[in-house]
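Reviewing the structure listed below.
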Amino acid sequence: MRLYDYAASANCYKARLLLALLDRPYERVAIDIFAGDTLTDAFAALNPARETPVLELDDGEVVTQSNAILWALAEGTAWLPGDAIARGQVVQWLFFEQERVMSGIGGARFRIITGRAPELAQRRLALGRSALEMLEARLAGREWLVGDAPSVADVANFAYAHVAPEAGLEIPGAVTSWLDRVRALPGFVNDLRPYPDNARPEHSRSIYDVTA
Ligand SMILES: N[C@@H](CCC(=O)N[C@@H](CS)C(=O)NCC(=O)O)C(=O)O
């Protein structure tokens, strides 16, 4: 199993975190998304969206989209409940993560740290703030996002929620306690790297330099 992966991407960190929690061995293929590594024909053949992470199985099957990777890896483990409603709620929080946590917190943090698109960064920041408020409301009085055990819903949402202060966002109390519960899980790792210099627009060749 191979993970095409960028060390400073929290979408990629999600996959690395679940693999660590599951204690599953894998080969890590470093993709420098700001040095043009996703702009090659070879990478487009792997993922036409030119994004990391990409999981490639030993039989050649490929899964893209970080939360789809979490789902595929978690099937049959304690990280994905068996009950239909609980599974529906896990999907609910995976979509929430992409719509609000990644787009809001992650989108704002990326643009603020690397000095890109200030107006868009402010809109993303407002979305990120509302995401934290919604997480706070969900987590008040409960330990995990779904049911009474940790699941991939927690892994996915942890990835960008824990770096919210790097976008200038304050993490509220119930979310802080939940982040600490995730950090205390056996096998937990945090190998998310800071954005390097070549993430700044004047040095960068990535999909962000040809789109927004
Ligand atoms: N919805 C996708 C988003 C993936 C994504 O945005 N990946 C970024 C890194 S966080 C990327 O690889 N960008 C490629 C580039 O900038 O060239 C997912 O969850 O996997």
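Readers should treat all values here as calculations from the given coordinates under stated rules, not as data from a laboratory. In this text the structure is predicted, and so the values were computed from the model without any measurement. Note: ideal-geometry Cβ built from the backbone for every residue, glycine included; neighbour counts use all protein chains shown.
Starting at the first residue of the stretch 61-72, write each ³J(HN,Hα) from the Karplus equation 6.51 cos²θ - 1.76 cosθ + 1.60 with θ = phi - 60°, in whole Hz, x for Gly and Pro.
In residue order, the calculated couplings are 5, 10, 10, 10, 6, 3, 6, 5, 5, 4, 4, 4 Hz.
Which value in nm describes the separation of the simple spin-label points at Ser130 and Glu99, placed 7 Å from the Cα toward the beta carbon?
Here the answer is 1.0 nm between the modelled labels.
In whole Hz and in residue order, list the ³J(HN,Hα) couplings for the stretch 161-171 that follow from phi through the Karplus curve 6.51 cos²θ - 1.76 cosθ + 1.60, θ = phi - 60°; x for Gly and Pro.
Ordered by residue, 3J(HN,Hα) equals 4, 6, 9, 3, x, 5, 9, x, 8, 8, 8 Hz.
For Leu132, what charge total do you get from the other residues with a beta carbon under 12 Å from its beta carbon, if Lys and Arg give +1 and Asp and Glu give -1? If you can, show how the numbers build up before the last one.
Details: positive: Arg100, Arg129, Arg138; negative: Glu133, Glu136, Glu170.
Result for the neighbourhood of Leu132: 0.
In a solvent-free Debye calculation with one equal scatterer on each Cα, what is log10 I(q)/I(0) for the stretch 98-194 at q = 0.10, 0.19, 0.22 Å⁻¹, listed in the order of the q values?
Once normalised to I(0) and log-transformed, intensities are -0.25, -0.87, -1.10.
Does a label point 7 Å from the Cα of Ile207, set along Cα-to-beta-carbon, have any residues of the stretch 22-42 with amide nitrogen under 12 Å, and which are they?
Under cut-off, by backbone N: 33, 38-40.
Going by Cα centres, the stretch 37-61 and the stretch 128-143 are how many Å apart?
Comparing the Cα centres of the stretch 37-61 and the stretch 128-143, I get a distance of 34 Å.
At a Förster radius of 22 Å, what calculated FRET efficiency corresponds to the Cβ-Cβ distance of Glu170 and Arg200, to the nearest 0.05? Intermediate results must be reported in sequence, preceding the final value.
Details: r = 26 Å, r/R0 = 1.18.
It comes to 0.25.
Just in the stretch 1-96: which GluC sites (Glu not before Pro) are loop by DSSP and have at most 12 other Cβ atoms within 10 Å? Each step should come with its number before you reach the end.
Values: sites: Glu27, Glu51, Glu56, Glu61, Glu75; in loops: Glu51, Glu61, Glu75.
Within the stretch 1-96, the qualifying GluC sites (Glu not before Pro) (loop, at most 12 other Cβ atoms within 10 Å) are Glu61, Glu75.
Taking square-rooted eigenvalues a ≥ b ≥ c of the alpha carbon gyration tensor, is the stretch 10-135 rounded, prolate or oblate, where a/c under 1.5 means rounded and, failing that, a/b exceeding b/c means prolate? Before the final figure, lay out each step's value.
On the way: a/c = 2.21, a/b = 1.11, b/c = 2.00.
Verdict is oblate for the stretch 10-135.
Out of Gly128, Ala42, Gly187, whose Cα points farthest toward the positive end of the dipole of the chain (charges: +1 Lys, Arg; -1 Asp, Glu; placed on Cβ)?
So the residue we want is Gly128.
Please work out how much length the chain gains when fully extended from Arg193 to Asp148, using 0.36 nm per residue of separation minus the C-alpha to C-alpha distance, in nm with one decimal. Please report the intermediate quantities before stating the final value.
Values: separation 45, 0.36 × 45 = 16.20 nm, distance 3.07 nm.
Net length gain for the segment: 13.1 nm.
Please turn the phi angles of the stretch 116-127 into ³J(HN,Hα) values with the Karplus equation 6.51 cos²θ - 1.76 cosθ + 1.60 (θ = phi - 60°), one per residue in order, whole Hz, x for glycine and proline.
Coupling constants for the stretch 116-127: 10, 5, x, 5, 4, 4, 5, 5, 5, 4, 5, 5 Hz.
Please compute the modelled spin-label separation between Asp23 and Ala45, points set 7 Å along Cα→Cβ, answer in nm with one decimal.
Distance between label points: 3.8 nm.
Once you list every other residue whose beta carbon is under 15 Å from the beta carbon of Ala8, what net charge do they have if Lys and Arg are +1 and Asp and Glu are -1? Working shown, then result.
Working: positive: Lys14, Arg16, Arg28, Arg109, Arg111, Arg116, Arg193, Arg200; negative: Asp5, Asp32, Asp37, Glu51, Glu166, Asp191, Asp197.
Overall, the nearby charge balance is +1.
Sticking with the crude label model, points 7 Å out along Cα→Cβ, report the distance from Arg123 to Ile85 in nm, one decimal please.
3.8 nm
How fast does the chain diffuse by Stokes-Einstein, in µm²/s, taking the Kirkwood radius from C-alpha pairs at 25 °C and 0.890 mPa s? Walk me through the numbers before you get to the answer.
Numbers: Rh = 17.6 Å.
Translational diffusion coefficient: 140 µm²/s.
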